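Visitor: Have a look at this one before I ask anything.
The values are calculated or read from the model by the stated rules, or taken from the named source; none is laboratory data. Being a predicted model, the structure only gives us computed values, none of them experimental. In this analysis, Cβ positions are derived from the backbone assuming ideal geometry, glycine residues included, and neighbour counts consider all displayed protein chains.
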């Protein structure tokens, strides 16, 4: 955990020994205790000068690099699932009350793309960075000269000194860079900021002639020293002219020479310090320019990454939309094939039903034809049977007449008797025909009407007897 305000050591006023003695005695124990963990090389430190002091940057790789991508994918899936549940058709009505379905898929996809492009992973990156630096402790000693950074998980214990006393420090940001590195930025407040010292030094320098190069500053300093030498020589001459004796002049000259040497030394020392300061300032400006260039490159790189990420997301969305369209087309073709197959089966069933109906009609006609043939055969058999009965009756009568004629002698009679015989024969024949009519059934004719159908039904329902036929004539 990182604490702000920072944790200080106990103040020197409460210690038995002075600060220097205490540090010499206690730092040995601290170094022995801190020598066990070894700092890992994957944690990088970097400092940048700011207006209030320094900006300390700690950079380390994430423990789980795929977590950032998985979180981004989950965000994308959430947005896609949210928009997949929205109806893709709206029901609208015109001024006449007619209702229509309007396809709004394009608008839904535009909104989904806008929301995907506006995904903000800052909070998630901050949370991952806080988890990575969760056990880091930053501690400032009592005099503000050393900042201690320690971590048990990363086996880190490092003392940082910045060449100036620290007033305070605070955590400025926790972010994730390149989806793989956790970055912790700590702002350090110095008692004498670098920018303030540089500004004070610039205020003491002479006006610039338009160029801040080191050579021009050296030339300007040499010209100023030559002018000062001329002024001093003139003052020395004036003083020598006004001297009362040679000894006094020598003393004054010696004193003035010593003062001039001291001043020259001070001026040379000041000039060297000025040159050194100018070099540092040039280095600082160059470093700042390099940092700005690096920052611009980094921003361009981040912009490029964001653009690539946006293009990837758009490509993923377009790919999914095309896949959905292909699936919809496949589903439409499948439904069309199913409808066509259903129609074909219905036609096949209809054809089979018609064929079955035609077969039933043909079977019924065949049955009717068989019944008709059977009925005609029965009629023929009945007629043949009746004819046989009539023939037997005629033969029997003829035999009876023959037997009677043989038993009765022939008597010649008159014509009246012949007429009587003829009448008797006619009466007998009439009686015989009457008897035959009694014993014979009427001959049926084939008639094409409804009566024949009813007759056929009655014949088919009649139970056969006596060899399959009912006796039509019964002997009494």
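Visitor: Return yes or no: is residue 392 within 30 Å of residue 455 (Cα to Cα) and surrounded by 11 or more Cβ atoms within 10 Å (Cβ to Cβ)?
Guide: no
Visitor: Restricting attention to the stretch 42-83, and to residues there that are part of a loop (DSSP other than H, G, I, E, B) and closer than 19 Å to residue 147 by Cα, which single residue is modelled with the lowest pLDDT? Steps first, please.
Guide: Narrowing the stretch 42-83 to residues part of a loop (DSSP other than H, G, I, E, B): 42-43, 50-52, 62-65.
Filter once more, keeping what is closer than 19 Å to residue 147 by Cα: 43, 50, 52.
Details: 43: 87, 50: 82, 52: 77.
Checking each candidate, the answer is 52.
Visitor: Can you tell me which of 333, 285 is over 30 Å from residue 88 (Cβ atoms) and either in the same structural domain as residue 176 (by TED's automatic domain parsing) or out of contact with any strand residue (DSSP E or B) (no Cβ under 6 Å at 6 or more places or on another chain) (or both)? Walk me through it before giving the result.
Guide: Numbers: 333 fails: over 30 Å from residue 88 (Cβ atoms).
Being over 30 Å from residue 88 (Cβ atoms) and either in the same structural domain as residue 176 (by TED's automatic domain parsing) or out of contact with any strand residue (DSSP E or B) (no Cβ under 6 Å at 6 or more places or on another chain) (or both) holds for just one of 333, 285, which is 285.
Visitor: On to the next question. Has the stretch 107-119 got any residue that is in contact with a strand residue (DSSP E or B) (Cβ under 9 Å, 6 or more places away or on another chain) and either at pLDDT below 85 or within 16 Å of residue 186 (Cβ to Cβ) (or both)? Working first, answer last.
Guide: From the stretch 107-119, those in contact with a strand residue (DSSP E or B) (Cβ under 9 Å, 6 or more places away or on another chain) are none; that's our starting set.
Taking every residue of the stretch 107-119 in turn, none turns out to be in contact with a strand residue (DSSP E or B) (Cβ under 9 Å, 6 or more places away or on another chain) and either at pLDDT below 85 or within 16 Å of residue 186 (Cβ to Cβ) (or both).
Visitor: Residues that are under 30 Å from residue 320 (Cβ atoms): find the strands (runs of 3 or more DSSP E) completely inside the stretch 93-202 holding 2 or more of those. Steps first, please.
Guide: Working: elements: 99-103, 137-140, 146-151, 156-161, 166-177, 181-190.
It comes to 99-103, 166-177.
Visitor: Being out of contact with any helix residue (DSSP H, G or I) (no Cβ under 6 Å at 6 or more places or on another chain), free of Cβ contacts under 8 Å to residues at least 60 places away in the same chain, in a helix (DSSP H, G or I) and under 30 Å from residue 50 (Cβ atoms): is that true of residue 285 here? Walk me through it before giving the result.
Guide: Details: out of contact with any helix residue (DSSP H, G or I) (no Cβ under 6 Å at 6 or more places or on another chain): yes; free of Cβ contacts under 8 Å to residues at least 60 places away in the same chain: yes; in a helix (DSSP H, G or I): yes; under 30 Å from residue 50 (Cβ atoms): yes.
Criteria met by residue 285.
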